[in-house]
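Working notes for the structure below.
The values are calculated or read from the model by the stated rules, or taken from the named source; none is laboratory data. Not measured: the values here are computed from a predicted model. Here the Cβ positions follow ideal geometry from the backbone for every residue, glycine too, while neighbour counts run over all protein chains shown.
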Amino acid sequence: MRFHNSLSAITARSFFVVTGLLPAIWAGAVEPQGPLKLVGDAYSFTEGPTSDAAGNVYFTDQPNDRIVHYDFATGKLSDWLKPCGRANGLFFVAPNKIIACADENNELWQIDISDQKHRVLAVGPAGRRLSGPNDCWVDRDGAIYFTDPLYKRPYWTQVIPPDNPRGVYRVTPDGKLSQVAVDLKQPNGIIGDAENRHLYVADIGDKKTYRYSIDDDGKLTDRMLFCSMGSDGMTIDQQRNVYLTGKGVTVFDRDGKKLRNIPIPKGWTANVTFAGPKNQHLFITAQDSVFVIKMDVSGLEQ
């Protein structure tokens with residue numbers, strides 16, 4: 001298809017995305033553009049990466065109760081916050097906030113980057129604790145969605161009953177907590193597409209990932225099986241390809257068709273996010289290490 005000279009390549013690509021007629025040059029490419037690079041291996045178990053507006057990364061080393069900062073320009077890694085409530089999944093909210101799944105006391109936190117102070121956003125429905133917030137995503141209206149599986153931690157002094165509900169919760173900007181998904185065995189990874197009003201939730205306990213529609217009042221509807229694979233953490237790119245973790249990083253297109261697997265030289269890949277100055281690098285947490293690889297597609301702006 002030919003376009004008038006005044007129509008930019010970006011506009012042309014937008015046309016294809018809207019109509020669903022992506023040509024082969026764009027559809028399902030997701031090719032690495034360089035080698036996998038090890039950037040750090042001095043950790044116990046890495047998790048929860050999230051990138052800030054400049055493309056720098058915050059990630060967690062949960063057994064050591066710390067959040068680590070990775071400066072993309074210098075390649076420098078430094079402890080940013082320790083202790084950190086045994087934070088697991090993180091999500092950066094512009095301009096200067098991080099949402100943290102702090103499961104030391106089964107809480108959801110908001111951390112102010114400027115002074116590193118936190119406030120507790122959620123502790124559980126009336127009468128019981130959360131099972132242990134694990135991963136989170138923030139919608140454009142400020143509502144937070146987070147998964148709440150149950151992984152009993154050796155550092156817990158509190159008792160969480162084995163039958164404590166697992167599910168997905170939503171916290172509104174004014175602090176109201178509601179459970180929006182209950183039909184999951186062990187929900188774990190979560191990522192959203194605010195523009196298309198979709199939320200992806202990985203049920204790692206059932207080896208499945210589902211896609212929900214987000215309705216006008218924030219409830220989840222129209223659950224559909226996205227793919228028959230669970231995931232620890234996950235991310236999404238501008239083409240709406242979804243990246244699942246576990247054995248390496250496995251990429252699925254917007255229809256749930258497997259495109260490729262990116263091998264990672266560790267037994268378990270826990271989480272992944274897009275980062276870097278152009279949001280075009282995958283930052284990957286895998287056991288005691290963190291890796292970076294450049295892709296030919298950018299991450300979806302969140």
Test: residue in the range 146-166 that is within 25 Å of Gln302 (Cα to Cα) and touching a residue at least 60 places away in the same chain (Cβ under 8 Å): no
Any hit, the range 110-122, residues being at pLDDT below 95, assigned by TED's automatic domain parsing to the domain that holds Ala53 and either crowded, with 17+ Cβ neighbours inside 10 Å or within 15 Å of the chain's Cα centre (by Cα) (or both): no
Residue that is free of Cβ contacts under 8 Å to residues at least 40 places away in the same chain, in the same structural domain as Gly192 (by TED's automatic domain parsing), surrounded by 24 or more Cβ atoms within 10 Å (Cβ to Cβ) and over 15 Å from the mean Cα position of the chain (by Cα), where the choices are Asp61, Asp71, Asp65, Asp79: Asp61
Complete set of residues in the range 87-103 that are crowded, with 20+ Cβ neighbours inside 10 Å and not aliphatic (A, V, I, L, M): Asn88, Gly89, Phe91, Phe92, Cys101, Asp103
Near pairs, Cβ below 9 angstrom, 6+ apart or cross-chain, from the range 127-145 (without any contact (Cβ under 8 Å) to a residue 24 or more places away in the chain and within 17 Å of Asp217 (Cβ to Cβ)) to any residue that is surrounded by fewer than 24 Cβ atoms within 10 Å (Cβ to Cβ) and acidic (Asp, Glu): none
Pairs, first at positive phi in the range 88-104, second buried (at least 24 other Cβ atoms within 10 Å of the Cβ), C-beta under 7 Å, six or more apart: none
Single match in Thr209, Thr269, Thr245, Thr273 (criterion: under 21 Å from Leu90 (Cβ atoms) and in a loop (DSSP other than H, G, I, E, B)): Thr269
